[in-house]
Amino acid sequence: MTARLTKQQIAKRRRGVAAGFNAGRSDAEIAASLGLSQERVGNIRRALGLKRSNEAQVEARREKVARLHSEGLPDPEIARRTGLSISTVRHCRGVQGLAAHAAAVWHEKQRLAVVAACVADGLSDDEIAARVGRHVSGVRRQRATLGLAANRPKPPLQPQRPPEALNQAEAFVLRALQRLFVDPRPRVSEDLAGRIMAARVAQEPRA
């Protein structure tokens, strides 16, 4: 004759089934962990109003976790990308025998990848530090770890000097305008003066 369970034992079973369900475990896995039959777990789960997880969905979830794990992502990052809880990610990883990746190692790899991309773009250490918001000494250390040579800082842009012919033409126009005060006959046409001044404006550096 089977002994009747106490209220505490029943509540403990229900909590175990609910916790296993929320962690993404199948009924068979919950039953094995609690020492119950799969049918009993199903009855408790339905009594709690928890819908049965589709086995295909569980398998797809595990495959997604395994794929992201193979990319070197730590559990918190996998949880962020999949929308799962960290405990569910740990369970999916654990049942597949996958060891956890250290979050610090993964973040360092991401930082190194960013530094490598900036160096490839021709940025100097100071420019990289300003872009990623880190101290320049840290950028130098990461660049040295990657075995990359530093890029030289780009020289400041110098304003373009107008060609000498334009200077001479402008001087000629100025002299001609000055002579208008003494001699009313123009030495240069308005059209020519306008073209020369337009060329001068076109040569000026733009912001």
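The values are calculated or read from the model by the stated rules, or taken from the named source; none is laboratory data. What you see is a predicted model; the values in this text were computed from it and never measured. Reconstructed Cβ throughout: ideal geometry from the backbone, glycine too, with neighbour counts over all protein chains shown.
Taking first residues from segment 133-145 that are surrounded by 11 or more Cβ atoms within 10 Å (Cβ to Cβ) and partners that are not in a helix (DSSP H, G or I), the Cβ contacts under 7 Å between residues at least 6 apart in sequence or on separate chains come to Arg143/Ala150. Every condition in (1) under 20 Å from Phe21 (Cβ atoms); (2) within 24 Å of the chain's Cα centre (by Cα) is met by Asp121 except one, and the failing one is (1). Take Ser70 and tell me if it is of a type in the set (Ser, Thr, Tyr), closer than 27 Å to Ala100 by Cβ and surrounded by fewer than 16 Cβ atoms within 10 Å (Cβ to Cβ). Yes; evaluated as a whole, the condition is true for this residue. Pairs linking a residue in segment 8-37 that is at positive phi and in the same structural domain as Arg62 (by TED's automatic domain parsing) to a residue that is among the charged types (D, E, K, R) and assigned to a helix (DSSP H, G or I), with Cβ atoms under 8 Å and 6 or more positions apart or on different chains, are Gly24/Arg61.
Scanning segment 1-50 for residues that are closer than 15 Å to His91 by Cβ, among the small types (Gly, Ala, Ser) and not in a helix (DSSP H, G or I) yields Ala23, Gly24, Ser26. Among the residues making up segment 80-105, those that are under 24 Å from Ala28 (Cβ atoms), part of a helix (DSSP H, G or I), without any contact (Cβ under 8 Å) to a residue 60 or more places away in the chain and in contact with a helix residue (DSSP H, G or I) (Cβ under 7 Å, 6 or more places away or on another chain) are Thr82, Ile86, Val89, Arg90, Arg93.
Scanning segment 22-41 for residues being surrounded by 17 or more Cβ atoms within 10 Å (Cβ to Cβ) and either more than 37 Å from the chain's Cα centre (by Cα) or at pLDDT below 85 (or both) gives a total of 10.
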